[in-house]
1. Can you give the Rg to Rh ratio of segment 192-348, both from alpha-carbon atoms, with Rh computed by the Kirkwood formula?
2. When the chain is modelled as a GNM with alpha-carbon springs shorter than 10 Å, which of Thr332, Thr269, Thr214 fluctuates the most?
3. With every protein chain left in place, what is the accessible area per residue of the chain in square angstrom, probe 1.4 Å?
4. Of the chain, which part is the longest with no chymotrypsin sites (Phe, Trp or Tyr not before Pro) in a loop (DSSP not H, G, I, E, B) and with at most 14 other C-beta atoms within 10 angstrom?
5. Quick one: work out Rg over Rh on the C-alpha atoms of segment 140-270, Rh as Kirkwood radius.
6. What is the percent carbon and sulfur in the accessible area of the chain, measuring with a 1.4 Å probe over the protein chains and ignoring ligands?
7. If I take all pairs of Cα atoms in the chain, what percentage of them are more than 26 Å from each other?
8. Whole-Hz ³J(HN,Hα) for each residue in segment 160-166, computed from phi via Karplus 6.51 cos²θ - 1.76 cosθ + 1.60 with θ = phi - 60°, x for glycine and proline: what do you get?
Amino acid sequence: MDLTERIERRRNRSSNNELIVDRDSLNPAMHLSEPVGRETLFEALLDAIDPLFDHAVPPNTYVWGPQGSGKSAIVTALVSVLDTEMGAHDSFYTATRSGSDRDDVRVVYLDARRAASRFRLYRELLDSLLVESVPRRGVSTDALRERIETVTAASETVLVAVDHLGEQTTVDLADLYTFFEPFEDLAWIGVGRTPPEKLSLPMPEQQIHVPAYTYELVDILTVRGSRGLSQTLDHVHAQRLADWADGDAHNALAALFLAASNAETDGATRLRDEDIDAGRAAVPRDGVPIGQVLALSDNERLVLDQLLELSLDGEARIETAAEQIAERTDLTHGTVKRLLYELAQFGVLERREVSVGAQVAGRRPSGVALNFAPRLLTALQGG
């Protein structure tokens, strides 16, 4: 943070008397343009794509590490800088460009949570490469593939980073081999959590391990807290959050965001010990990242919103919850019930036994509990 930012932060504090001055800086689903404490890994990634700087196609790369280790932060920052420094300045208006001398480098970031099939991945890739809009319907996967082949053939190199591989709802590393095999001038960086030894398939030539944060997590909280809060984040509070999160930057930032929200709701102008406690208590340690929740479909998000509104989290049978949600929405009972089971399979919800009164023979019915921080979702949605 430069001196101008520090002065502006103090002006905001004195004029608005607000604790939170920049929500994006505290949002665990957002990433800084220059991530903290990962310089060595940036060098490893630059080494991996080194042929790109000679306008050649680099080998494919697999970047892997645990949740909250900063994989997405590193890759999105790298793609952003590469796009600015090396990307083509004249975007394609059609999938055909005559007279090309093939001197362009195209760099694209794709989130597998929002492109969870071959068709959607192709469409998102093509949409990033073209200025013209790409249809969401009425076009075949083969047609999209052919257009991508034309675009990649007109560029010297296309580098595609695909994030969040191998989650319950996303494509995996094996899919990338299949999906991108037709494109000779395209290289990819796959980003996921699964260690290479647990994947029974040929590995990309280059693999980069991103370990969980250690001491760097305090620095991350301090930097992002200094940008997001009107008051400097106390080092003791940053250390408490880092120790609790055990290397997971997502959980640490989520707890900080909710701690600040708790303090602001009470009218406090700085974080207190009880706010840190409240923030940590509101974030499930083994929950799914909030970005995964934000990437759900409209109907899935509608079901979650209704679970929250009706206070059905963990208290009602799935059958009962489905009935009540169906009554309040345009979704049928069967659709809601299916979505509840699917969300539990994805890990967004957690199946739990519910009490049915007097003991009865047989298996107890199950309900569902939220497996993420609902207060964080509400806050990010402006509630």
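The values are calculated or read from the model by the stated rules, or taken from the named source; none is laboratory data. Everything numeric here is computed off the predicted structure, so don't read it as measured data. Note that each Cβ is placed from the backbone with ideal geometry, even for glycine, and that neighbours are counted across all protein chains shown. For the accessible areas, the whole protein counts, side chains as well, though only heavy atoms, and no ligand, DNA or RNA atoms are used. Shrake-Rupley method; radii C 1.70, N 1.55, O 1.52, S 1.80 Å.
1. Radius of gyration relative to Kirkwood radius: 1.07.
2. Sorting by GNM fluctuation, first place goes to Thr332.
3. Accessible area per residue: 48 Å².
4. 216-383
5. Expressed as Rg/Rh, it is 1.15.
6. The computed percentage sits at 44.
7. Counting pairs separated by more than 26 Å, the tail of P(r) holds 60 percent.
8. 10, 9, 10, 9, 6, 6, x
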